[in-house]
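K.L.:
Structure below; questions to follow.
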Amino acid sequence: MHSIIRSLECGRRLVVRVLLAGVIEVGVSPVYLTQVFQQVEAMPLYRYQLRLRLARALDLLGRYDDLTSLSMELGFSSHSHFSSAFRQVYGRTPAEFRRSIRRR
């Protein structure tokens, strides 16, 4: 079961598939799997998934001119939700971060 949890990658659909596979394979509920995930990783599954999406954003920032498109590609409900989450984790908005990279 720990291998299932540790193999999570970026993407909402993959997380759901992994959880469903875990439910089928192990015979436990999704709630139980998310509780075990929190115990193993010391953070809730949704926060872990958010961190993965934001880490992916760092990789893709230079390839997107339109940050709204990037936010939708990463599964955020809006550009403002993406910017807010990004700022909370990295201390600046995606636009500010991209400008600082381009200056170098």
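The values are calculated or read from the model by the stated rules, or taken from the named source; none is laboratory data. Predicted model, so just to flag it, every value in this text is computed and none were measured. As a convention, Cβ positions derive from the backbone with ideal geometry for all residues, glycine included, and neighbour counts pool all protein chains shown.
K.L.:
Contact list please: Cβ distance under 6 Å, first residue in the range 44-68 and under 17 Å from residue 78 (Cα atoms), second residue of a type in the set (D, E, K, R), pairs at least six apart or on different chains.
P.N.:
Close Cβ pairs satisfying both conditions: 61/98.
K.L.:
Would you mind telling me which numbered condition in (1) part of a helix (DSSP H, G or I); (2) among the polar types (S, T, N, Q); (3) surrounded by fewer than 13 Cβ atoms within 10 Å (Cβ to Cβ) residue 77 fails?
P.N.:
(1) is the only condition that residue 77 fails.
K.L.:
What number of residues within the range 13-45 satisfy the criterion of being surrounded by 12 or more Cβ atoms within 10 Å (Cβ to Cβ), closer than 21 Å to residue 85 by Cα and modelled with pLDDT of 75 or more?
P.N.:
5
K.L.:
Further, regarding this structure: Could you check the range 69-101 and list, in sequence order, the residues that are over 19 Å from residue 48 (Cβ atoms) and touching a residue at least 24 places away in the same chain (Cβ under 8 Å)?
P.N.:
Hits for the range 69-101 are 70, 94, 95, 97, 98, 101.
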